[in-house]
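Peer 1: The structure's right below; bear with me while I get my questions together.
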Amino acid sequence: MAKILIIDDDKVTLMKLKAMLEQAGHDVVEIEDGIYAEQAITNHKPQLVITDIIMPEQEGIDTVMQISEIHPEIPVIAMSGDQLGVNFLELSKSLGAQESLRKPIDKDELLSAVEKLLGA
C-alpha cells in the first residue's frame, strides 16, 4: 500500500495509529516531534503524513506549513485531542492540511481519510 509518516509526541498514540495503519497494509514510520519531519520525509519518502498539532519542540501547525511549502505533493492529516485543538485543526486545514481528525482517533474515520487522500 503506502508509506505513511506519523508525528506525535505521545507514544501510546503512535503505537495505536501504527497498528491501525499496518493492519490496513501500510508501511509506517513514526517520529515524536515535528522538528524531525523534514529529515524523516527526506529519508523515508512517505506518501502521506499524519501529524499531531500540540507538540513540545515544533508545533503541528508549523509542521503542516513546512510540509505544504517544501513538499506540496504530500497530503497531510492533522490531529488533536486538546480542546483548544479544535481551532488549531481548522487553522491547520487553512494552512495546508487536507484533513483533520479529533483524538481519540476512530479507526474507520482514519482509514477513510487515508484512502481519500491516497486516491484509493
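Peer 1: Residues of region 50-101 being among the hydrophobic types (A, V, I, L, M, F, W, C), more than 12 Å from the chain's Cα centre (by Cα) and part of a helix (DSSP H, G or I), which ones?
Peer 2: The answer is Met65, Ile70, Val86, Phe88, Leu91.
Peer 1: Going by the structure shown, is Thr13 of a type in the set (S, T, N, Q) and touching a residue at least 40 places away in the same chain (Cβ under 8 Å)?
Peer 2: Numbers: of a type in the set (S, T, N, Q): yes; touching a residue at least 40 places away in the same chain (Cβ under 8 Å): yes.
Judged against the criteria, Thr13 is a match.
Peer 1: Take region 108-120 and flag every residue that is open to solvent by 80 Å² or more (accessible area, probe 1.4 Å) and not in a loop (DSSP other than H, G, I, E, B).
Peer 2: First pass over region 108-120, keeping only residues open to solvent by 80 Å² or more (accessible area, probe 1.4 Å): 108-109, 115-116, 120.
Within region 108-120, Asp108, Glu109, Glu115, Lys116 qualify.
Peer 1: Out of region 8-19, which residues are out of contact with any Leu (no Cβ under 9 Å at 6 or more places or on another chain) and open to solvent by less than 80 Å² (accessible area, probe 1.4 Å)?
Peer 2: Listed by number, the residues that qualify are Asp9, Asp10, Val12, Thr13, Leu14, Lys18, Ala19.
Peer 1: Identify the residue in region 1-19 that is in a helix (DSSP H, G or I) and under 11 Å from the mean Cα position of the chain (by Cα) and, among all such residues, is farthest from Arg102 (Cα to Cα). Quick ask: steps written out before the conclusion?
Peer 2: Quick first cut of region 1-19, residues in a helix (DSSP H, G or I) only: 11-19.
Imposing the further condition that a residue be under 11 Å from the mean Cα position of the chain (by Cα) reduces the set to 14, 17.
On the way: Leu14: 15, Leu17: 13 Å.
Checking each candidate, the answer is Leu14.
Peer 1: Residues in region 20-42: is at least one small (Gly, Ala, Ser), open to solvent by less than 50 Å² (accessible area, probe 1.4 Å) and over 14 Å from the mean Cα position of the chain (by Cα)? Full working, then the answer.
Peer 2: Residues of region 20-42 that are small (Gly, Ala, Ser), as a first pass: 24-25, 34, 37, 40.
With the extra rule that they be open to solvent by less than 50 Å² (accessible area, probe 1.4 Å), the set shrinks to 24-25, 34, 37, 40.
If we keep only those that are over 14 Å from the mean Cα position of the chain (by Cα) as well, we get 24-25.
Yes - at least one qualifying residue is present in region 20-42.
Peer 1: Would you be able to say whether some residue in region 21-35 is of a type in the set (A, V, I, L, M, F, W, C) and in contact (Cβ under 8 Å) with a residue 60 or more places away in the chain? So that I can check it myself, show each step before the final result.
Peer 2: Within region 21-35, the subset of a type in the set (A, V, I, L, M, F, W, C) is 21, 24, 28-29, 31, 35.
Those still in the list that are in contact (Cβ under 8 Å) with a residue 60 or more places away in the chain too: 21, 24.
Yes, region 21-35 has at least one match.
The values are calculated or read from the model by the stated rules, or taken from the named source; none is laboratory data. Because the structure is a prediction, the values reported are computed rather than measured. Note that we place each Cβ from the backbone using ideal geometry, even for glycine, and neighbour counts take in every protein chain shown. Each accessible area value is taken on the protein alone, full model and side chains, heavy atoms only, with ligands, DNA and RNA left out. Shrake-Rupley method; radii C 1.70, N 1.55, O 1.52, S 1.80 Å.
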